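A.B. asks: Structure in structure tokens, see below.
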Amino acid sequence: KIELKHGSHRIGKRTDEVMQKWRGYGLGQFIHWGLYAIPGGEWNGKQYNGAAEWIRSWNGIPKSTYDSLIYKFNPVNFNADEWATTAKQMGAKYVTITTKHHDGFCLWPSKYTSYTVANSPWKKDIMKPLVDAYDKAGIDVILYFSVMDWNHPGWRYDIKTKEDSVAFEGFKQFTRNQLIELLTMYPTAKGLWFDGTWDKSWVKQAEFADQLETEMRKLRPGLIIGSRFRADEKGKRHFDANNVLMGDYEQGWERKLPNKIEDVHGNDWDCVMTVPENQWGYNKAWKGHIKTANELIEMTAKSVSLGGNFVLNFGPQGDGAIRKEEKQLATQIGNWMKINKEAIYNCQYAGLEKQDWGYFTKKTGGNKLYMVVFNAPVSGAYRVKLPAKMGITKAYALATPTQSLSTEEIHTNEYFIHLKKQGGDQPFVIVLETKNSSDNSGNVYDKAKT
Ligand SMILES: C[C@@H]1N[C@@H](c2nc3ccccc3[nH]2)[C@H](O)[C@@H]1O
């Protein structure tokens, strides 16, 4: 074990209520919105091949020209309630919103820089109406904050000279000021989602970042901060030099999902996902594979089956409207969630052997197992292996709870649940109510034969 002052300060999952609620969210919405939504991945008729929110880094645009986009920020179709309603309809339980992305433009009227909405034609705070609208919709708000800030003169990728270190000290105070300002202005925010923390300059700030995290947690008890915020004094990120998770949940699953439970090391985690291959900010020309609702529903079920949350990204247009393709996905996913949300909300890893038909989830603190089916077996027989002593007292399709399904024990603790081929192309859920035969209440038909 390596002696660390600024490594992880907790072993194992947080057990407080705020984190237990976070653990049960299942499905979230990410919002990437800022000046980059105005060009939308295109400049002077030329397409930028990278992620639209990175267009400032393209050598096809002078930096100062990009920075002057602040004078074009006037989102006449921005409607915070519409965004929150879209998320509500989709079934999202939390939202992560970019307060400031790498370009440094602030969606709130920060006192510590002039590069904010206050100095745009729009003039007004964007964050306040958004936080209020999502709060009203019963959707918890997490504030995304990029430490890397291309607009601030004190930002450095690394600290090589005396000048670098003087400049970066100013940048560190600026960063602290903005974070305290955000937590003070939006006190209902449940957490911070940090980004842009991979460069050497920040990785070298183990003590400062550790103290800042402690200060923020003191200011906002229960605040949720992921593993991406800070490095330990050995320069280790996400997991400290003793391989212990930093922060409250693993934040490394960006545009990728774990495949098996061993990949998540017993930690809380969330997966943040784009609809196209790699576009977070609005991009006019969505190229390549655009994920379908069924693909995104499967990623949600897979995330919950492995003990995490799935956070789907929306990149609103420069005028503040949400594009129709994203609205359509929110509606399709929402229609599925309306019927099947019981298998997603407040569910966790079931601890069962994965089967080909889909994913198991388990209700937290209950005796219900859910089989979220994506690949219906041609036989209509769904294999289920249970731990010894656990029996099935009832099985039914979630959509038709009064029609019990026949359960056949084919080997010790191994069953076939029989369900004739369902029509339609929608994933569906089978519920298994279970009982431990150690407690002899209620009959457990562990020898049931059809
Ligand atoms: C959540 C995502 N994180 C940002 C990002 N920047 C990166 C630079 C290099 C590799 C991965 C990156 N992800 C993306 O712009 C988006 O905000």
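A.B. asks: Over 22 Å, how big is the tail of the calculated P(r) for segment 127-203, in percent of all Cα pairs? Mind showing how you got there, number by number?
C.D. replies: Numbers: 1020 of 2926 pairs.
Cα-Cα pairs of segment 127-203 separated by over 22 Å account for 35 percent.
A.B. asks: Would you mind checking which residues have amide H under 5 Å from M390's amide H? H placed 1.01 Å from N; only 5 or more apart, or other chain.
C.D. replies: Residues meeting the amide H criterion: S437.
A.B. asks: Can you work out the Karplus-derived ³J(HN,Hα) for every residue in segment 57-68? Use 6.51 cos²θ - 1.76 cosθ + 1.60 with θ = phi - 60°, whole Hz, and x for glycine or proline.
C.D. replies: Values, residue by residue: 7, 7, 6, x, 9, x, 4, 5, 5, 4, 4, 6 Hz.
A.B. asks: Given the Cα-Cα distance of N294 and K111 and 0.36 nm per residue of separation, how much length would full extension add, in nm? If you can, show how the numbers build up before the last one.
C.D. replies: Numbers: separation 183, 0.36 × 183 = 65.88 nm, distance 4.40 nm.
Between N294 and K111, full extension yields 61.5 nm more.
A.B. asks: Given just the C-alpha atoms of the chain, how large is their convex hull per residue in cubic angstrom? Could you put the intermediate results ahead of the total?
C.D. replies: On the way: hull volume 69.9 nm³, N = 450.
Dividing the Cα hull volume of the chain by its residues yields 155 Å³.
A.B. asks: What is the angle, in °, between the Cα long axis of helix 293-305 and the longest principal axis of the Cα atoms in the chain? Nearest 10 is fine, range 0 to 90.
C.D. replies: The two axes meet at around 80 degrees.
A.B. asks: Enter the per residue convex hull volume of segment 264-407, computed from alpha-carbon coordinates, in Å³ rounded to the nearest integer.
C.D. replies: Value for segment 264-407: 146 Å³ per residue.
A.B. asks: Based on the Cβ-Cβ distance of L257 and V18, what FRET efficiency does E = 1/(1 + (r/R0)^6) give at R0 = 30 Å, to the nearest 0.05? Write down the numbers at each step before the final one.
C.D. replies: Numbers: r = 25 Å, r/R0 = 0.83.
Once the sixth-power term is evaluated, E becomes 0.75.
A.B. asks: Also: Label K128 and D164 with points 7 Å out from Cα along Cα→Cβ: what is the distance between them in nm?
C.D. replies: Label at K128, label at D164, 4.1 nm between them.
A.B. asks: What are the ³J(HN,Hα) values, in whole Hz, obtained from phi via the Karplus relation 6.51 cos²θ - 1.76 cosθ + 1.60 with θ = phi - 60°, for each residue of segment 220-236 in sequence order, with x given for Gly and Pro?
C.D. replies: Once rounded to whole Hz, the list reads 10, x, x, 3, 9, 10, x, 7, 8, 5, 9, 9, 7, 6, 9, x, 7.
A.B. asks: What's the ranking of 281-287, 2-8 by average number of surrounding C-beta atoms within 10 Å, highest first? It would help to have the intermediate numbers written out before the result.
C.D. replies: Working: 281-287: 19.3, 2-8: 15.6.
Taking the mean over residues of other Cβ atoms within 10 Å, the ranking is 281-287, 2-8.
A.B. asks: So if each residue of separation counts as 0.36 nm, and I subtract the Cα-Cα distance between T85 and Q403, what length gain in nm does that give?
C.D. replies: Values: separation 318, 0.36 × 318 = 114.48 nm, distance 3.41 nm.
The T85-Q403 span can extend by a further 111.1 nm.
A.B. asks: Further, regarding this structure: Along the Cα→Cβ direction, 7 angstrom out, place labels at K72 and K287. What is the inter-label distance in nm?
C.D. replies: Using points 7 Å along Cα→Cβ, the separation is 2.0 nm.
A.B. asks: Within segment 1-118, how many Lys pairs that are eight or more residues apart, or on different chains, come under 23 Å at the alpha-carbon?
C.D. replies: Within segment 1-118, the lysine pair count is 13.
A.B. asks: Another question, if that's okay. If packing is taken as the average count of other Cβ atoms within 10 Å, what order do 57-66, 263-272, 33-42 fall into, highest mean first? If you can, show how the numbers build up before the last one.
C.D. replies: Working: 57-66: 12.6, 263-272: 18.9, 33-42: 23.5.
Per-residue mean Cβ counts within 10 Å order the peptides as 33-42, 263-272, 57-66.
A.B. asks: Report, to the nearest 10°, how far helix 162-185 tilts away from the longest principal axis of the Cα atoms in the chain, using its own Cα long axis and a range of 0 to 90°.
C.D. replies: Helix 162-185 and the main axis of the chain meet at about 60 degrees.
A.B. asks: In whole angstrom, how far apart do the alpha carbon centroids of segment 335-369 and segment 57-98 sit?
C.D. replies: Using only Cα atoms, the two centres lie 33 Å from each other.
A.B. asks: May I pose another question? I'd like the orientation of helix 80-90 relative to the chain: the angle between its Cα long axis and the longest Cα principal axis, in ° from 0 to 90, rounded to 10.
C.D. replies: Once rounded, one gets 20 degrees.
A.B. asks: Find the all-direction average of the projected area of the Cα convex hull for segment 81-127, expressing the result in square nanometres with one decimal place.
C.D. replies: Details: hull surface 16.2 nm².
With the hull built on Cα positions only, its mean projection is 4.0 nm².
A.B. asks: If you wrap segment 3-118's Cα atoms in a convex hull and average its projection over all directions, what's the area in nm²?
C.D. replies: Value for segment 3-118: 11.9 nm².
A.B. asks: Using packing as a proxy for protection, rank 179-191, 97-109 so that the peptide with the highest average count of other Cβ atoms within 10 Å comes first.
C.D. replies: Numbers: 179-191: 17.3, 97-109: 24.3.
So the order, starting with the most tightly packed, is 97-109, 179-191.
A.B. asks: On alpha carbon coordinates alone, what is the Rg over Rh value for segment 159-272, Rh being the Kirkwood radius?
C.D. replies: Numbers: Rg = 15.1 Å, Rh = 15.2 Å.
For segment 159-272, the value is 0.99.
A.B. asks: Figure the gain on full extension for I180 and K136 (residue separation times 0.36 nm, minus the Cα-Cα span) and round it to one decimal in nm. Don't skip to the answer; put the middle values down first.
C.D. replies: On the way: separation 44, 0.36 × 44 = 15.84 nm, distance 2.37 nm.
So the chain would gain 13.5 nm between I180 and K136.
A.B. asks: In nm, give the distance between the simple-model label positions of E325 and W58, each being 7 Å from the Cα along the Cα-to-Cβ direction.
C.D. replies: 1.6
Taken together, the values in this text are just the output of simple stated rules run on the coordinates, not laboratory data. All values reported here derive from a predicted model rather than from experimental measurement. For neighbour counting, all protein chains shown are included, and Cβ atoms are generated from backbone atoms with ideal geometry for every residue, glycine included.
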